[in-house]
Amino acid sequence: MRTAHQRSGQSSRALAKQGRTFARSSSAIWLALTLAASACKSDARAKSIWPPADLEILVEELQVDGAEARVLRRFRAGADGLVAYGTSSRSVEDPETHTLLPVFDRLSVYRLVPESIRALARKLDKAGIAELDRVQGERGVEEGTSLAMEWQAFGRRHVVTARGRLHGPMAEIMALVGAHLPPGEGFGLPGLADRPVVPVLRGVPAPRLDAAAAFEAHERMLAERPEDEGWLLDAFALACHLEKRSNAEALLQRWSDLTAAERTAPFPEEESRLAPAVLQRMLPRL
């Protein structure tokens, strides 16, 4: 099993929305797990508030065409340092409402040492991620590539969307995220290429196009974090794509049970507006 290390001479550490430890099998996705060091001098350091236990960083690249938005790329990292980076070139769709779920059949999963995720979270906070205006980029751009970014820390959730050319703190934040992606990967909004991105990690596995292996990886992640709504939906979409109906039905039931209270709340969260009936219509045919 390969490990992801900080490049010597770099002050940034690694970050990376969804984390766990997996064993590598012959069909499994490449996984880089950076083992945490247990040096005595590390134990002697004063405890830091970073990263907070509820830390989550999520960045999605979307293609917007009229009322339709397709997720093309996603980066997700949590307080445990687990990074899930995936790309999607297809979706599963509800034929009635035309709701889409991305199929992340090209995936890379790796874990960062505590010092790395701590440094990345602090740098993003210092760059002002929690105070960004909720709409970034160029006004008046309605279609094409866009970004959706979610930052959660210390009980606060902040969502930002961006279209067109990026500049200022938003571009700086995306450069920090980009430095923690697998080699050769990047987000596609204009302006990002103008700002140099220096990778701060080595040993990070390149994404591998293998839907079956991606589904196995999600099963392992869910074994560690069984109540992760996002991973349940991602695994469901992969199961539908692979025509694993029994697996998809089981995942749908788990997601439905987990989100039942949210759907009946007086003011449900946006994510919970997705109804089980919509997912039911996405299931592979018998």
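The values are calculated or read from the model by the stated rules, or taken from the named source; none is laboratory data. Keep in mind that what you see is a predicted model, and the values were worked out from it rather than measured. Please note: Cβ atoms are built from the backbone with ideal geometry, for glycine as well, and neighbour counts cover all protein chains shown.
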Could you pull out the residue among Ala239, Ala213 that is under 30 Å from Pro114 (Cα atoms), modelled with pLDDT of 95 or more, hydrophobic (A, V, I, L, M, F, W, C) and surrounded by 14 or more Cβ atoms within 10 Å (Cβ to Cβ)? Ala213
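So, in the stretch 235-245, of the ones that are more than 14 Å from the chain's Cα centre (by Cα) and assigned to a helix (DSSP H, G or I), which residue ends up farthest from Leu101 (Cα to Cα)? If you could, list the steps in order and put the result at the bottom.
First pass over the stretch 235-245, keeping only residues more than 14 Å from the chain's Cα centre (by Cα): 236-245.
Okay, now just the ones that are also assigned to a helix (DSSP H, G or I), so 236-241, 245.
On the way: Phe236: 9, Ala237: 6, Leu238: 9, Ala239: 12, Cys240: 10, His241: 10, Arg245: 16 Å.
Of everything passing the filter in the stretch 235-245, Arg245 is farthest from Leu101 (Cα to Cα).
Checking the condition surrounded by 15 or more Cβ atoms within 10 Å (Cβ to Cβ) and at pLDDT below 95, which residue from Leu192, Leu132 passes? Walk me through how you get there before you give the answer.
Details: Leu132 fails: at pLDDT below 95.
Just one listed residue meets the conditions, Leu192.
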Could you list, in sequence order, all residues of the stretch 206-234 that are out of contact with any Leu (no Cβ under 7 Å at 6 or more places or on another chain) and either among the acidic types (Asp, Glu) or assigned to a loop (DSSP other than H, G, I, E, B) (or both)? Ala206, Asp210, Glu216, Glu219, Glu224, Arg225, Pro226, Asp234
When Glu271 is evaluated against the numbered criteria (1) modelled with pLDDT under 85; (2) charged (D, E, K, R); (3) within 18 Å of Val92 (Cβ to Cβ); (4) surrounded by 14 or more Cβ atoms within 10 Å (Cβ to Cβ), which criterion, by number, is the only one it fails? (4)
Give the stretch 170-210 a look and list any residue that's over 18 Å from the mean Cα position of the chain (by Cα) and β-branched (Val, Ile, Thr), or say none. Val197, Val198, Val200
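Looking only at the stretch 101-129, count how many residues are assigned to a helix (DSSP H, G or I) and either modelled with pLDDT under 95 or not charged (D, E, K, R) (or both). Can you show your working first?
Let us first name the residues in the stretch 101-129 that are assigned to a helix (DSSP H, G or I), namely 114-126, 129.
The next check asks that each one be either modelled with pLDDT under 95 or not charged (D, E, K, R) (or both); those that pass are 114-117, 119-121, 124, 129.
Summing the residues that are assigned to a helix (DSSP H, G or I) and either modelled with pLDDT under 95 or not charged (D, E, K, R) (or both) in the stretch 101-129 gives 9.
Count, please, the residues in the stretch 133-163 that happen to be assigned to a loop (DSSP other than H, G, I, E, B) and touching a Lys or Arg at 6+ places or on another chain (Cβ under 6 Å).
Filtering the stretch 133-163 for residues assigned to a loop (DSSP other than H, G, I, E, B) gives 133-134, 138-143, 154-155.
Applying the additional criterion that residues be touching a Lys or Arg at 6+ places or on another chain (Cβ under 6 Å) yields 138, 141.
Counting residues in the stretch 133-163 that are assigned to a loop (DSSP other than H, G, I, E, B) and touching a Lys or Arg at 6+ places or on another chain (Cβ under 6 Å) gives 2.
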Testing Ala179 on (1) over 25 Å from Leu55 (Cα atoms); (2) at pLDDT below 95; (3) surrounded by 18 or more Cβ atoms within 10 Å (Cβ to Cβ); (4) of a type outside the set (Lys, Arg), one condition comes back false. Which one is that? (1)
